[in-house]
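Novice: The following block contains the structure, expressed as structure tokens.
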Amino acid sequence: MSAIRERLKKRRIPFTDRIARQAQVPREQPYYRMKRNRSWFLFKAKYHAEINSPALFVLPGPPRELQPMFRDSALPILRSIVPAPTFIAGCIRIANMGESMVEKAIGERVLAIPDIELGYCGAPGEVDLRIIGKEEAVQRAEVIINSALADSIFLRPMKLGTSPGKILSTRNQTLAIAESCTGGCWLIAITNVPGGVQRIRSGYIVYSNDAKLTFSRWIPN
């Protein structure tokens, strides 16, 4: 409470009862941390002897406060609570075929593989084929898909464990991307992976020559 009073005093803002309510904390003693001038709480699982409860995070709502807090503070704790996923995911892009044609060619055989999830997303002139499952199951699915649709595949699987975002994170490197004729494929491939957005400094998707010349001056060195 004293920290809030001091901040308001410096900004010449009167301290009111409504502001005081924002400084209230639960009577139980949760794990508590102050970061970026905002607080968050963690009630650990079974924090009360008489209550059989799961872990409960209490975080601020505005995205600019929530997102960095969740990424930097809550996510590491969640990863220590929940085991790392044993599945991988891949996406194969197929040209000049409709969803029904792709499903007819590979759907029944792929779904016969235990513990596999298969999804289709159609767009003009192409289909995104998404595969999720344990590594061995995904590899078996890829063999079937490659044998049936090899001539129509124009983007091979990019697994979560070997994505560019993962590689950049391991090396503690960042990337600025300028794409043309890809529709943002590279940017999506990196930012779709948890934590990948932290690896991107900037990204531009340009087509006209004028736009390319303009944006080339903005790309960071």
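Novice: Which of the residues spanning the range 25-46 are of a type outside the set (A, V, I, L, M, F, W, C) and either at pLDDT 75 or above or within 16 Å of Leu78 (Cα to Cα) (or both)?
Specialist: The answer is Pro30, Tyr31, Tyr32, Arg33, Lys44, Lys46.
Novice: Next question, about the same structure. Would a scan of the range 185-199 turn up a residue that is touching a Leu at 6+ places or on another chain (Cβ under 6 Å), assigned to a helix (DSSP H, G or I) and modelled with pLDDT of 70 or more?
Specialist: Scanning the range 185-199 turns up at least one residue that is touching a Leu at 6+ places or on another chain (Cβ under 6 Å), assigned to a helix (DSSP H, G or I) and modelled with pLDDT of 70 or more.
Novice: Looking only at residues that are over 11 Å from Cys91 (Cα atoms) and modelled with pLDDT under 70 in the range 126-168, which one is surrounded by the most Cβ atoms within 10 Å (Cβ to Cβ)?
Specialist: Within the range 126-168, the match that is surrounded by the most Cβ atoms within 10 Å (Cβ to Cβ) is Gly165.
Novice: Working only within the range 88-99, note down all residues that are more than 14 Å from Ala150 (Cα to Cα) and surrounded by fewer than 15 Cβ atoms within 10 Å (Cβ to Cβ).
Specialist: Scanning the range 88-99 gives a single hit, Gly98.
Novice: Which one of these is buried (at least 16 other Cβ atoms within 10 Å of the Cβ) and touching a Phe, Trp or Tyr at 6+ places or on another chain (Cβ under 8 Å): Val110, Val102?
Specialist: Val102
Novice: I've got another one for you. Using beta carbons and a limit of 6 Å, which pairs, at least six apart or on different chains, have the first residue in the range 92-120 and assigned by TED's automatic domain parsing to the domain that holds Leu149 and on the phi < 0 side of the Ramachandran plot and the second one polar (S, T, N, Q) and modelled with pLDDT under 90?
Specialist: Note: pairs meeting the criteria are Ile94/Ser152; Ala95/Ser152; Met97/Ser152.
Novice: Assess whether Ile132 counts as being in contact (Cβ under 8 Å) with a residue 40 or more places away in the chain, within 15 Å of Ala150 (Cα to Cα) and not assigned by TED's automatic domain parsing to the domain that holds Trp40.
Specialist: no
Novice: Further question on the same structure: Quick one: is Leu111 at pLDDT 90 or above and touching a strand residue (DSSP E or B) at 6+ places or on another chain (Cβ under 9 Å)?
Specialist: Spelling it out, Leu111 is indeed at pLDDT 90 or above and touching a strand residue (DSSP E or B) at 6+ places or on another chain (Cβ under 9 Å).
Novice: Next up: Given (1) touching a Ser or Thr at 6+ places or on another chain (Cβ under 9 Å); (2) surrounded by fewer than 12 Cβ atoms within 10 Å (Cβ to Cβ); (3) at pLDDT 75 or above, identify the lone condition not met by Pro220.
Specialist: Looking at each condition in turn, Pro220 falls short on (3).
The values are calculated or read from the model by the stated rules, or taken from the named source; none is laboratory data. Remember, predicted model here, so these are calculated numbers, not experimental data. For neighbour counting, all protein chains shown are included, and Cβ atoms are generated from backbone atoms with ideal geometry for every residue, glycine included.
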